[in-house]
Structure formats: structure tokens, C-alpha cells
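The values are calculated or read from the model by the stated rules, or taken from the named source; none is laboratory data. These numbers were taken from a predicted model, which means no experiment stands behind them. Note that we place each Cβ from the backbone using ideal geometry, even for glycine, and neighbour counts take in every protein chain shown. Ligands, DNA and RNA are excluded from the accessible area calculation, which covers all protein heavy atoms including side chains. Shrake-Rupley method; radii C 1.70, N 1.55, O 1.52, S 1.80 Å.
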Amino acid sequence: MTSTDSSVSRAEDSAQPQTTFADLGLSDAVLKAVRDVGYETPSAIQEATIPTLLEGRDVVGLAQTGTGKTAAFALPILSRLDKSQKAPQALVLSPTRELALQVCESFEQYASHLAGVHVLPVYGGQAYGVQLSALRRGVHVVVGTPGRIMDHIAKGTLDLSELKYLVLDEADEMLKMGFAEDVETILAETPDEKQVALFSATMPAQIRRISKKYLSDPEEITVKSKTTTSANTTQRYLMVSYPQKVDALTRILEVENFDGMIVFVRTKNETETLAEKLRARGYSAAAISGDVAQAQRERTVGQLKSGKLDILVATDVAARGLDVDRISHVVNFDIPIDTESYVHRIGRTGRAGRSGSAISFVTPRERRLLGAIEKATRQPLEQMQLPSVDEVNVTRLTRFDDAITSALEQTTRIDAFRDIIGHYVKHHDVPETDVAAALAVVAQGETPLLLSPQDEVKLARDDRKTKQRNADGPERRKRSSKPMAPYRIEVGRRQRVDPRQIVGALANEGGLSREDFGAIDIRLDFSVVELPADLSHDFFSRVASTRVSGVQIDIKPDKFGPRKRDSGRSGSFDRGNKRGPKREGSWNKDDRKARKPRH
Ligand code: AMP
């Protein structure tokens with residue numbers, strides 16, 4: 001095997017331009033879908049693999065799940081797909097049914113602007129009937145486990161005579177699961193001229209042998225990454241479930257003594273959503289992504305520098321080269337998929353000889369990414385715990401004290417009030433501390449100053465409930481008292497829609513509130529949402545052009561209504577943080593300064 005060891009080195013700061021998806025040679029429809037999904041730049045494995053596959057060369061890619069390898073092979077296949085061909089032209093072999101389904105979903109998502117592309121998952125345990133009728137109708141891409149693919153070949157129900165692209169996904173896993181013989185048979189029985197891409201996290205001898213025997217002059221792609229992280233930056237991680245992330249971030253914001261902060265998310269779409277949530281909790285936060293015009297970006301960065309703004313929610317691209325001394329913290333709200341991005345992200349803090357802090361949120365599925373980061377940076381990350389109610393309260397009390405101290409320093413303003421208060425004390429015969437406490441009540445508004453122990457219990461319970469819901473299917477949420485009716489929207493599992501996106505879109509654009517949502521049932525190509533029965537014409541005209549996952553939802557009353565029970569991905573939405581401090585009260589406003597580290 002000729003192996004060209006291709007290592008991808010990304011531009012460190014803005015000096016070198018970053019490769020974009022548009023530079024890789026993908027078709028316009030595929031680029032459009034990538035834009036809809038919100039990926040900003042290709043990951044390292046994508047940057048190296050996509051042009052090579054588009055050139056027609058075979059590829060051996062050393063890459064793990066979580067590096068973006070699915071798009072690395074799916075995007076070039078979809079860019080070159082011949083929709084008029086009835087017999088399958090691409091076959092992806094996956095070790096497990098779960099991975100096969102996941103890969104199918106990705107293909108569907110990346111094909112959202114290619115009308116009429118059919119992708120079929122084929123795995124053991126599923127009835128043959130569904131697979132056979134789909135195969136008869138014609139499919140372009142088949143994603144399956146080797147065993148079931150072999151069964152179809154043996155039965156003569158899968159015609160691979162016109163196959164152009166074959167992908168072996170997680171090849172080492174397939175071998176571990178005993179599929180070596182099946183994989184070799186499939187490789188041998190498919191047309192010689194097909195293109196093969198083999199992905200594997202490791203390169204055992206058996207995979208080298210298979211690749212030598214069945215691949216033709218493959219380019220071997222391993223991604224080398226920059227691995228130096230700054231010594232004066234502490235690196236921690238927090239295990240969180242996805243729905244806990246916003247609450248976790250809010251608690252961190254309360255207890256960490258931060259000056260300026262960058263919060264990194266994975267997609268452009270998420271930057272604005274998260275910045276908005278932080279603003280709703282009273283923080284001065286703004287979003288920047290590659291989509292934001294340069295002039296606006298510079299203005300926002302200027303505000304961060306001057307202290308007008310404390311938190312920047314950003315994607316990798318937007319924060320490239322950002323050099324602001326004030327950034328004391330970097331939070332990876334979404335852990336980066338490349339170790340190199342990690343190094344680059346945390347390089348935004350600990351600048352100019354100051355110390356910095358990096359905190360990465362890791363969901364249980366992302367443990368492997370954490371391992372990869374630790375390996376590449378040769379530095380273990382320290383696990384941190386979600387700040388407790390007590391910790392949050394200690395900081396709130398300190399801030400409260402600080403606010404009093406700093407108000408007392410404003411002697412002229414204090415003098416002006418002293419007589420008024422003195423007059424009150426004298427005429428009402430009330431102790432001065434009571435008057436001060438009453439003023440604190442006025443300043444604080446409705447929001448309690450301190451969290452209660454129930455808040456701790458509630459967060460744990462929310463987390464348990466979410467887990468249960470994910471395992472169980474539809475959530476039985478407390479219903480609105482209004483008469484409800486089912487509505488159909490044209491976006492479903494294939495578009496990877498999440499109930500939260502549906503709620504977010506309809507709430508924002510249609511002006512609905514949380515109580516207006518009943519059950520949400522996500523099916524393959526559409527979803528059924530329970531909403532008030534008496535939605536106005538005005539509502540329908542407001543949401544007429546609403547898009548979710550890049551698809552116009554085209555909402556209509558539904559005849560059938562939600563299913564009673566389903567193992568599909570139904571569920572609830574993020575109820576948001578109800579315990580976070582509302583910072584409208586004047587103590588909290590003044591606190592912004594008090595929260596900054598005191599030197
Ligand atoms: P994979 O390794 O294919 O399982 O992908 C891991 C995760 O990264 C998935 O959630 C993808 O949606 C996401 N992803 C893939 N490519 C990119 C990209 N270029 N930028 C941001 N996220 C990506």
C-alpha cells in the first residue's frame with residue numbers, strides 16, 4: 001500500500017485563511033445542506049478526506065467516532081450521486097444497527113436539498129418485508145450491518161452490480177464483532193471499479209491486510225494535531241447530560257470569578273440561541289459566528305475588550321485569532337470534535353501572562369472525545385463537580401455584601417438618602433436594620449436572593465426525568481387547560497429534529513408559550529404537535545415560512561393525532577433555568593462589576 005501520510009495542520013490564528021466547506025469541491029446542494037446544519041468549517045478529517053474522495057481515490061482514514069467522519073464520506077458520495085440509477089450505488093457497512101441508523105440519518109440530513117434521494121438502513125432483527133419493498137422501489141444508498149447485507153446478497157435481493165462507493169465504517173469494530181469474513185466477501189463480490197473508503201480508530205494487521213488486498217492505492221489519512229496547551233491555563237471538565245448544560249453554565253457563571261469569557265458551541269445556529277438564554281438570565285452576552293459580518297464582529301470584540309460585554313458565545317471560526325487579555329475563562333459548552341480545535345479554543349485564555357481557566361462540558365456519549373483530548377495534549381483534565389446550591393449561595397452573599405460596600409463608597413448619594421431614612425426611622429419607630437432589610441426586599445424584587453435546597457433536588461430530578469424520558473419515549477407533560485388539537489409539521493426524525501427546536505420555532509415565531517404545547521410525536525418524515533385547538537389565522541400566517549432543521553414546517557391540522565406510545569425520539573423541551581438569578585434587581589445590576597475579579 002502506498003501511504004501518503006497526510007497531516008492536516010490548521011491555521012493557528014487568523015494569519016492563514018481557514019479552509020471552508022466551499023473550498024472542498026462539494027456540490028451546491030450538499031453545501032447548502034451543510035450550511036443548514038450549521039457546521040462552520042470542515043473538521044480535520046473532513047478537510048483531508050473530502051477532496052481525496054472527490055478525486056476518486058480510495059481512502060484509509062484513521063478516525064474515531066466524534067471526529068466528523070460520517071460527513072467525511074457521506075458528503076462526497078452525495079455530491080456525486082446519480083439519482084437516475086435505480087440499483088444501489090453506495091453501500092456503507094457499519095458494525096451495529098445503532099451506528100447504521102445514525103449514519104442513515106446523517107445521509108438524509110446532508111441530502112435535504114437533493115430531492116428524491118433514498119437511503120435505506122438494513123440490519124438484522126428488522127423484518128425483511130420493509131427492506132425488500134424499499135429495495136424493489138429503488139434506493140441510492142444502503143447502510144447496513146455486514147451480516148444482513150450478506151443475507152440479502154445470498155437471497156439475490158440486493159443488487160450490488162452497479163455499486164460505485166463502498167464505505168467500511170469502524171472497520172476495527174466490525175472485525176471485533178466477527179464480521180471479517182462477511183466484509184471480505186462483500187469486498188470481493190462488488191464491482192472492481194468501485195471506490196472504497198475504510199475508516200478505523202486503530203490499524204490492526206488484519207485491517208492493513210484487507211486494505212492492501214481490496215483497496216487500490218489508497219491515500220492513508222491520519223490527522224495530526226497541534227498539542228501544546230498553555231501551562232498557565234487550568235483545564236477542567238464537567239460531566240453533564242445535554243439538557244443540563246444551560247443550568248450548569250449558569251451555576252458556573254455564578255461561582256467562577258470570571259472577567260471575560262468565551263463560550264464555544266458547535267454550530268452557528270446555537271450561538272445566538274445560547275447568547276439569548278444568557279441575556280434572559282441577566283448576563284451581558286453576545287453571539288459571534290462566521291455568519292456575522294466582519295464589522296459587527298469587530299464591534300462585538302471591541303465591546304468585550306472594553307468590558308461592555310462579558311460573555312461571547314462563539315464558534316471556532318468566529319473566535320479564531322481572537323486576542324483579548326481579559327478572557328479569564330473559556331467554556332466548551334460543546335466539546336470540540338478535533339483536538340486541534342480544543343488547543344486553539346483554550347489558547348484564547350491565559351494570554352499576556354495571565355492565568356486562565358478552561359472548562360469543557362462532556363456528555364456521556366462524548367467520553368471518548370475527552371480521552372482523545374487528554375491523549376493529544378498529554379495532560380489529564382481535572383473533573384469538576386456542578387457547583388452546589390451552597391456554593392452558589394456563598395457567592396451570592398459575597399456579592400450582596402460587596403454591593404453594599406460599593407454603594408457606601410458613593411458618599412454624595414448616600415448623604416442624600418441619609419436624612420430620608422433617618423426621618424422614616426424616627427417617625428415609624430422601626431430599627432434601622434429592618435429598614436435596610438425592607439430596602440433590600442425592594443431592590444431584590446420577586447426573585448429570592450438565595451437558592452433553596454429544593455433547587456438542588458430539582459436539578460437532579462430534572463436530570464433523572466430527562467434520562468427516563470429518553471428511555472421511555474413520549475413525555476406525559478402536564479397539559480394546558482385549553483382544548484388541544486394535533487397539528488402536523490413536515491419535519492421529522494430524518495431531519496434530526498429535536499422537540500426543543502419545534503417548541504423554540506413555534507414559540508418564537510408564532511408567539512406561543514410553554515403551556516401551549518402538548519405532546520410532541522416525532523416520526524420519520526413529519527411530526528405531530530399538540531397545540532391549542534383555536535389557533536388563529538394570524539398564527540398560521542406568522543409561522544408560514546418557519547423553518548426547522550432547514551425545512552419549511554408547513555404546519556396543518558392533523559387528522560390522526562399523536563400515537564399513544566412509541567419508542568421514537570419524542571419528548572420534551574428544555575424548560576430553561578428557573579432557579580438562575582434574575583439579575584433585573586438593582587443589587588444584581590451593580591454586581592456585574594462586583595463579580596469581576598478584584599486585583
Ligand atoms: P461523527 O464523527 O460523524 O459521529 O460526528 C460527530 C459529531 O460532530 C456529530 O454530532 C456531527 O453532527 C458533528 N459534526 C460533524 N462535522 C462537523 C463540523 N464540520 N463542524 C461541527 N460539527 C460537526
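Considering the range 49-83 alone, what residues qualify as being crowded, with 24+ Cβ neighbours inside 10 Å, assigned to a helix (DSSP H, G or I) and modelled with pLDDT of 95 or more?
T49, I50, L53, A71, A72, F73, A74, L75, P76, I77, L78
Quick test of your reading of the structure: A134 fulfils all but one of (1) exposed (fewer than 15 other Cβ atoms within 10 Å of the Cβ); (2) outside any loop (DSSP other than H, G, I, E, B). Name the failing condition by number.
That leaves (1) as the condition not met.
From the set of residues in the range 379-416 that are charged (D, E, K, R) and open to solvent by 70 Å² or more (accessible area, probe 1.4 Å), which is farthest from E254 (Cα to Cα)?
That would be D415.
Can you give me the number of residues within the range 102-131 that are touching a residue at least 40 places away in the same chain (Cβ under 8 Å) and open to solvent by 20 Å² or more (accessible area, probe 1.4 Å)?
6
Among the candidates R299, R326, which residue alone is assigned by TED's automatic domain parsing to the domain that holds P364, open to solvent by 10 Å² or more (accessible area, probe 1.4 Å), of a type in the set (K, R) and in contact with a strand residue (DSSP E or B) (Cβ under 8 Å, 6 or more places away or on another chain)?
Just a single option satisfies the conditions, and that option is R326.
Among the residues in the range 386-403, are any under 23 Å from the mean Cα position of the chain (by Cα) and either closer than 30 Å to E456 by Cα or not small (G, A, S) (or both)?
yes
When the residues of the range 28-45 are filtered to those that are at pLDDT below 90 and open to solvent by less than 10 Å² (accessible area, probe 1.4 Å), which remaining residue is farthest from the ligand (Cβ to nearest atom)?
Among them, the one singled out is A44.
How many residues, within the range 48-92, are within 9 Å of the ligand (Cβ to nearest atom) and charged (D, E, K, R)?
Result for the range 48-92: 1.
Restricting to the range 1-27, and then to whatever is buried (at least 20 other Cβ atoms within 10 Å of the Cβ) and modelled with pLDDT of 90 or more, can you tell me which residue is nearest to the ligand (Cβ to nearest atom)?
Filtering the range 1-27 for residues that are buried (at least 20 other Cβ atoms within 10 Å of the Cβ) and modelled with pLDDT of 90 or more, the one nearest to the ligand (Cβ to nearest atom) comes out as F21.
Take Q85 and tell me if it is more than 27 Å from G290 (Cα to Cα) and not assigned by TED's automatic domain parsing to the domain that holds G371.
So Q85 fits the description; yes.
Quick test for you: out of A519, A533, A505, A544, pick the one residue that is modelled with pLDDT of 85 or more and either in contact with a Lys or Arg (Cβ under 9 Å, 6 or more places away or on another chain) or surrounded by fewer than 19 Cβ atoms within 10 Å (Cβ to Cβ) (or both).
Being modelled with pLDDT of 85 or more and either in contact with a Lys or Arg (Cβ under 9 Å, 6 or more places away or on another chain) or surrounded by fewer than 19 Cβ atoms within 10 Å (Cβ to Cβ) (or both) holds for just one of A519, A533, A505, A544, which is A533.
So which of G260, G307, G282 ends up being away from the ligand (no atom under 16 Å from the Cβ) and over 23 Å from G347 (Cβ atoms)?
G282
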